[in-house]
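Scroll down for the structure; my scribbles are underneath it.
Only the coordinates and a few stated rules stand behind these numbers; no lab work does. Source: prediction; values computed, not measured. All Cβ positions, even for glycine, are placed from backbone atoms using ideal geometry, and neighbour counts span all protein chains on display.
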Amino acid sequence: MGLFEKFSATATAYEGLKEATGRDPFGVSMDEMKGPTRALVDGKEIVLAGTNNYLGLTYDQAAVDAAKDAVAASGTGTTGSRFANGTYAGHRALEKELAEFLGYEHCMVFSTGYQANLGAISALVQPPDDVILIDADCHACIYDGCQLSGAETVRFRHNDPESLDKRLSRLGPEVKGKLVCFEGMYSMFGDVAPVKELVEVAHKHGAYALLDEAHSFGVFGDNGRGVCERDAVLDQVDFYTGTFSKSLASIGGFVASNHPELEYLRFSSRPYMFTASPSPANVAAASAALARLKNDHSMRENLWENAHRVYSAFQQLGYDLAAPESPVIAVKLKNREEAFMAWNFLMEHGVYVNLAIPPGTPNATSILRLSVSAAHTADDLDVVVGAYTALSEHLSASAA
Ligand code: PMP
């Protein structure tokens, strides 16, 4: 009996997949970046179509300049947590900018989006008095936040307000605080939550709503404020969490709220207090990207146009698509082996997408997950659609 026995099944499956093609789908090295949508991998230029770079701002001149200036002015790292010496003027300014953009009174910036969810949930909810209700398909960081809190956690069916209603109805009067956690757009399938209904059900039962708009910030709503803006319930969400690692093209995360008590999380949230704060460059880049997002709606328009082009091409090719049209386009494959083969086929045809296989996917589905960017050019999308066309022919030929 040893520590490592539990890895043997994973190791066999993983090594088998790698051996079959000579590639490691979970360890692709972008040896040289060629811009927001291209990189050299093993000496070959690949179109990146699995990056979450929704607005394509990772090489935006304003963001790059802001990051460089921040390094020159404030150094490469803060060497301390927000709670100690790691709060700089830039962190405070970005909190204010995010709060103003979203229309909330309070905002806290964390070092990653992962920590924002971990830190908010674990500090807000405490056993034995409080209970968390969580959409079954929530991201790992929401699940980890529940675990760190130690509170009872009840799952409701994915995107199902009725299921939430039932679960909330069953809670007894001894439960003091109830926190309902869900997301705007889900990262794996790109499906969108009925945010308005979920918020309404939560409030009907006296519960608070925590909405993670990691993948929908910058993407949905007339101003890019997320699915809750689209559904006109932005002001009703109790805790809005987000990340800088997708539309804001940086690293970091945040929680925004109109509840003044959010400020006390600065003294009680372990993932906020016991880790170094985001670097000046990350903060400055996020702030510059936010300014671009506010002032230039054409990026969101390009994003949706690109999404439409790819989604309709895939529909015509007859792919089994996991959700209605959005910038995340997931193609379902028969099983892990077929998904891995298809992933490798696309790499050979110059396209990188995300391979997602159980247990990391909803309903144990094997998928190829593509995320469209506003920065994808017509040429990029030609390569993508061309590769998927060849793949579809290959799959039909192998099935025949
Ligand atoms: N929430 C969701 C829904 C996510 O998909 C992710 C990361 N993919 C995060 C939070 C964490 O974001 P970050 O990369 O900033 O840690």
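Specify which of the listed residues (272, 240) is assigned to a helix (DSSP H, G or I), touching a strand residue (DSSP E or B) at 6+ places or on another chain (Cβ under 8 Å) and among the aromatic types (Phe, Trp, Tyr).
Every option except 272 fails the conditions.
Pairs, please: C-beta under 8 Å, at least 6 apart or cross-chain, first residue over 18 Å from residue 338 (Cα atoms) and in region 8-36, second β-branched (Val, Ile, Thr) and surrounded by 14 or more Cβ atoms within 10 Å (Cβ to Cβ)?
28/41; 29/41; 30/41; 31/41; 36/51; 36/58
Identify the residue in region 77-116 that is among the small types (Gly, Ala, Ser) and within 16 Å of the ligand (Cβ to nearest atom) and, among all such residues, is farthest from the chain's Cα centre (by Cα).
111
Of everything in region 219-233 that's closer than 19 Å to residue 51 by Cβ and either within 16 Å of the ligand (Cβ to nearest atom) or aliphatic (A, V, I, L, M) (or both), which residue is surrounded by the most Cβ atoms within 10 Å (Cβ to Cβ)?
Taking the candidates together, the pick is 219.
Can you name the residue in region 142-166 that is closer than 21 Å to residue 116 by Cβ and in contact (Cβ under 8 Å) with a residue 60 or more places away in the chain and is also farthest from the ligand (Cβ to nearest atom) among such residues?
148
Okay, residues lined up against (1) within 16 Å of the ligand (Cβ to nearest atom); (2) touching a helix residue (DSSP H, G or I) at 6+ places or on another chain (Cβ under 7 Å); (3) in a strand (DSSP E or B); (4) hydrophobic (A, V, I, L, M, F, W, C):
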| position | (1), (2), (3), (4) |
| --- | --- |
| 251 | yes, yes, no, yes |
| 261 | no, no, no, no |
| 265 | no, yes, no, yes |
| 285 | yes, yes, no, yes |
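I'm trying to understand the selection: among the residues of region 167-196, which are assigned to a strand (DSSP E or B) and either in contact with a Leu (Cβ under 9 Å, 6 or more places away or on another chain) or away from the ligand (no atom under 15 Å from the Cβ) (or both)?
178, 179, 180, 181, 182, 183
For region 234-245, give me each residue that is crowded, with 24+ Cβ neighbours inside 10 Å and either within 12 Å of the ligand (Cβ to nearest atom) or of a type outside the set (A, V, I, L, M, F, W, C) (or both).
240, 241, 242, 243, 244
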